[in-house]
Amino acid sequence: MHDRPMKPSTTPPAPRPHGGNLDAAIQAYGGDRARWIDLSTGINRRPYPLPPLPPDCWARLPEASATARFVQAARGYTGAGAAVEIVPAPGAQALIQACPFLRPPGRVGIVTPTYNEHEAAFAAAGWDVVPLSDLEDLRGLDALVVVNPNNPDGRCYDPADLLARAGSLDLLVVDESFADTAPALSAIPHLSSDLNPRTVVMRSFGKFFGLAGLRLGFAACTAPLAHALAERLGPWAVSGPALEVGARAYADAAWIAETRSRLAVEAARLDALAAEAGWRLIGGTTLFRTYDVGDGVGAQAQLARQQIWSRTFPYAPGWLRLGIPSGDDRWPSLR
């Protein structure tokens, strides 16, 4: 472990590219916002139907009982063992920013390309970030971040193998923001307080359930890390309405099964359209697909003229990522 003080930054962070920037698309291409279809994220476009909520969840600070209901539902949904703690959070982004402070700064390996927020958060906390192309050599690392399944290329890792490889590290962060469509990839059922005391698995609620604006997620880990994360997030980190919606959604097995099936069908339909257009599939999940289109910026502009927004990547100029259109959407013409 390299225990050294955090390096302060004297300049504001540069803006980082993200999907979901529909304002920029409208400014560049015009059009009525209501006509635009935002496929620049991996958010389910047919969200979980919001249930009627009790008035007191709006009027009171979240009670321990509301948190307990959410934790029980999340535990049942993921198959977390009795020794695994569930820490509710206001979205996965809050956990991304909290995890670098669970250990003193050292050298962290991040399997890339992936979310740029992981690198930014660890760097801001004083860590030396080491980009990794795979998991073959972890020597000299104090921590590891793996997104499983990965965004944007869809790479997947066997969860038991992943946990075993990282057993000697001081911190392992597994980001499962897109694992809802592939539950067999989740490391949560494999977590053990004895074998994985330094592992944090984070989950996003808003992507699969299509309610990103709710700002909800959770971390699964052992008690010491759970306590440290809860302290970092502070009291009442998650709103009462978010806890209520999350608890009901995680317990809705019928909606979850139907949505997984529908997304798989619609992802296959999008792949077929892409193949007809001569696009090559790089990878993805059933919440997003990434293609090599030759000219990502040009293809993005073509779709934008149809008022459909997509995501490009500066490090891979030929790539274009699309979220999955809903059956209620206008399907894009890719030719």
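The values are calculated or read from the model by the stated rules, or taken from the named source; none is laboratory data. All of these numbers come straight from a predicted model, not from anything done at the bench. Cβ sites come from the backbone with ideal geometry, for glycine too, and all protein chains shown count toward neighbours. Heads up: the accessible areas ignore ligands, DNA and RNA and are worked out on the full protein's heavy atoms, side chains in. Shrake-Rupley method; radii C 1.70, N 1.55, O 1.52, S 1.80 Å.
See the values below:
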{"item": "Whole-number accessible area per residue in Å² for the chain, which is evaluated in the context of all protein chains at 1.4 Å", "result": "44 Å²"}
{"item": "Added length on full extension, which subtracts the Cα-Cα distance from 0.36 nm per residue, Arg107 to Leu273", "result": "55.5 nm"}
{"item": "Under 14 Å, Cβ to Cβ, from Pro197 - net charge with Lys/Arg +1 and Asp/Glu -1", "result": "-1"}
{"item": "Tail fraction, Cα-Cα pairs, region 182-335, threshold 28 Å, whole percent", "result": "38 percent"}
{"item": "Label-point separation, Tyr315 to Ala301 (7 Å along Cα→Cβ), nm", "result": "2.6 nm"}
{"item": "Listed residues Ser239, Ser204 arranged by accessible area, highest first, probe 1.4 Å", "result": "Ser239, Ser204"}
{"item": "In nm, spacing of pseudo-spin labels at Val265 and Asp328 (7 Å Cα→C-beta vector)", "result": "1.6 nm"}
{"item": "Of all accessible heavy-atom area on the chain, the percent that carbon and sulfur account for (1.4 Å)", "result": "55 percent"}
{"item": "Dipole axis of region 251-335 (+1 Lys, Arg; -1 Asp, Glu on Cβ), positive-most option in Ala275, Pro317, Ala253", "result": "Pro317"}
{"item": "Largest to smallest accessible area among Glu266, Glu276, Glu136 [probe 1.4 Å]", "result": "Glu136, Glu276, Glu266"}
{"item": "Charge dipole (debye, nearest 20) of region 28-165; +1 at Cβ of Lys and Arg, -1 at Cβ of Asp and Glu", "result": "480 debye"}
{"item": "Residues Trp236 and Ala164, FRET efficiency given R0 of 35 Å [Cβ-Cβ distance, rounded to 0.05]", "result": "0.40"}
{"item": "Hull shadow area, averaged, the chain [alpha-carbon convex hull, nm²]", "result": "17.6 nm²"}
{"item": "Computed [θ] at 222 nm, helices only, for the chain once each DSSP H run of length n ≥ 4 contributes -39500 (n - 2.57)", "result": "-9500 deg cm²/dmol"}
{"item": "Three-way shape label, region 171-251, alpha-carbon gyration tensor, a/c 1.5", "result": "oblate"}
{"item": "Local electrostatic count, Asp153, Cβ distance below 11 Å [Lys/Arg +1, Asp/Glu -1]", "result": "+2"}
{"item": "Simple spin-label estimate for Gln27 and Asp194 in nanometres, 7 Å along Cα-Cβ", "result": "5.7 nm"}
{"item": "Charged-residue dipole, Cβ positions (Lys, Arg, Asp, Glu), the chain about Cα centre, Debye nearest 20", "result": "580 debye"}
{"item": "Extension gain, Glu63 back to Ala83 (0.36 nm per residue minus Cα-Cα distance, nm)", "result": "4.9 nm"}
{"item": "Length-normalised contact order for the chain - Cα pairs under 8 Å, 6+ apart - percent", "result": "25 percent"}
{"item": "FRET efficiency, Leu281 to Leu135 (Cβ-Cβ, R0 22 Å, nearest 0.05)", "result": "0.45"}
